[in-house]
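Worksheet: one structure, shown below.
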Amino acid sequence: MALLRDTLTGIISAFNRAHLLRELSLTVASFNGKAEFRLADHLPAGAHSVVVSSVSVSNDNADLRWHIASGYLHASLSSKGRHYSPQPWDALARPVTLSVVAAYVPPPLDVPDLDLDGLHHFGVSLPAELEHVVNHGMGKTRFIERITDNEGRAQFASVEALDANHVRVTLVEALPVRLDMIFMPDNAGLGAS
């Protein structure tokens, strides 16, 4: 059980450190070509450590200057000014869409408490054979499995539910392994309320 909890903790903490990317489409529509956007309004609740990597405009005739301050994207558009000095862009008459690429860390996940969250664990050591039929007795077919060798290294295998109480484990190589399974509650997953 400790190995399974350590694995789950490792997966969740790696996820909690990962940045996700999102492309935002924001429209500037003001008479002076200026706008400010609160980035938190366009990202998932709880997102933090936001970094904007690029901002581009949909209109080739508009020049863009932008910066980030206190969680806001400040944008200022001007005309290219081919025959005169650049003038503020009238984005009220000609709105411009900004394509903003932002990286952020999503809200952190907690490591689930297996018992309180309705998850059930089953684990068994299996001898060195290519195929095993395992009776777990959980009465469920929805699970996540992990197979490791005697040194704790993950092994590739096929784990197929035969019925609500049995799975078939097919290994690539006949070696002793540990099978750990977390069974989901009946109402977990897509369509659950």
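Ignoring ligands and nucleic acids, what accessible area does Met138 show with a 1.4 Å probe (Å², nearest 10)?
Approximately 60 Å² for this residue.
Tell me the carbon and sulfur percent of the accessible area for the stretch 24-178, rounded to whole percent, probe radius 1.4 Å.
51
Please give the FRET efficiency for Asp41 paired with Thr141, using the beta carbon to beta carbon distance and R0 = 30 Å, rounded to the nearest 0.05. Write out the running numbers ahead of the final one.
On the way: r = 42 Å, r/R0 = 1.39.
E(calc), rounded to 0.05, equals 0.10.
Using a simple spin-label model with points 7 Å from Cα along the Cα→Cβ vector, what separation in nm is obtained for His74 and Ala161?
Modelled inter-label distance: 5.6 nm.
What spacing in nm lies between the two simple spin-label points modelled at Leu21 and Gln87, each 7 Å away from Cα in the Cβ direction?
With each label point 7 Å from Cα toward Cβ, the separation is 3.8 nm.
Please give the length that would be gained between Asn32 and Ala128 if that part of the chain were fully extended, namely 0.36 nm times their separation in residues minus their C-alpha to C-alpha distance (nm, one decimal).
Gain on extension, Asn32 to Ala128, equals 27.2 nm.
The values are calculated or read from the model by the stated rules, or taken from the named source; none is laboratory data. Keep in mind it's a predicted model, so treat the numbers as computed, not measured. Don't worry about glycine lacking a Cβ; one is built from the backbone with ideal geometry, like all the others, and counts go over all protein chains shown. Keep in mind that these areas ignore ligands, DNA and RNA; they rest on the heavy atoms of the full protein, side chains included. Shrake-Rupley method; radii C 1.70, N 1.55, O 1.52, S 1.80 Å.
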